[in-house]
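A quick write-up on the structure given underneath.
The values are calculated or read from the model by the stated rules, or taken from the named source; none is laboratory data. Because the structure is predicted, anything quoted here is derived from the model rather than measured. So basically every Cβ, Gly included, is an ideal-geometry build from the backbone, and we count neighbours across all protein chains shown. Only protein heavy atoms, including side chains, enter the accessible area calculation; ligands, DNA and RNA are left aside. Shrake-Rupley method; radii C 1.70, N 1.55, O 1.52, S 1.80 Å.
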Amino acid sequence: SEYLGSKINWESDMKASSYMYEAKNVSGVMGRHSEVKVVFSGDEASTNGSVITLPSVNDHHEMSEVDVKVARGYVDHEAAHVKWTDREVWKKLMYDRKGKPDIGVFHATLNALEDVRIEGKLLAQYAGSRDNLDAVADAVGTELKDSLKGQSLADLSAREIGALAATWYGR
């Protein structure tokens, strides 16, 4: 596997503490902002442009190759937001819709379209991120499938699946 241009040797699993150290360094380098802070909290990944929040991990846990690819996919994706999402424009778009009845759909759709845009830029610059982003997409897809508890995607409304569909289409 290639990770930001360096070859990774998968002879053994990676300790989560090693991944956490790596994530903090890669986020700043990739996002071209060495002052970017990385925290591990909760079960979602996000950024506000100066802090990247990644899902928490037990630092003594042995991460499998798939676990590492998914985790690196979150790092790659959020660092790409830091690098290419215009935070001032983003804040204005979010604020202008505040209080509107469709706010959730609007935010989800806008975020999906921005994800497609920044991931395209990421892959153009760091082709090695493809495996990581694909691993995240697979993990999110599996999580969605499991949450449906037998219900078909066809049964979901465009409102429920639209943003996710835009992201998948963009890939």
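Place a point 7 Å from Cα of K15 in the direction of its Cβ. Which residues in the stretch 47-73 have their backbone N less than 20 Å from it? Inside the label zone: 56-69, 71-72.
At 1.4 Å probe size, put H81, H60, H107 in order of accessible surface, largest to smallest.
Largest accessible area first, the list is H60, H107, H81.
Helices in the chain that qualify as membrane-span-like (whole DSSP H runs, Cα extent of at least 30 Å along the helix axis, mean Kyte-Doolittle hydropathy of -0.5 or higher) are 103-125.
How would you rank 112-124, 144-156, 39-51, 94-106, highest first, on the average number of other Cβ atoms within 10 Å across their residues?
Values: 112-124: 16.7, 144-156: 9.5, 39-51: 13.6, 94-106: 11.4.
Highest to lowest by the protection proxy: 112-124, 39-51, 94-106, 144-156.
Taking every DSSP beta bridge with both residues inside the chain, roughly what % is antiparallel (nearest 5)?
Around 60 percent of the beta bridges assigned by DSSP in the chain are antiparallel ones.
Over the chain, with a Gaussian network built from C-alpha contacts below 10 Å, which listed residue (V36, V89, V57) shows the highest mean-square fluctuation? Per the Cα network of the chain with a 10 Å cutoff, V89 tops the list. Take every Cα pair under 8 Å whose residues are at least 6 apart in sequence, average their separation, divide by the length of the chain, and the relative contact order is 24 percent.
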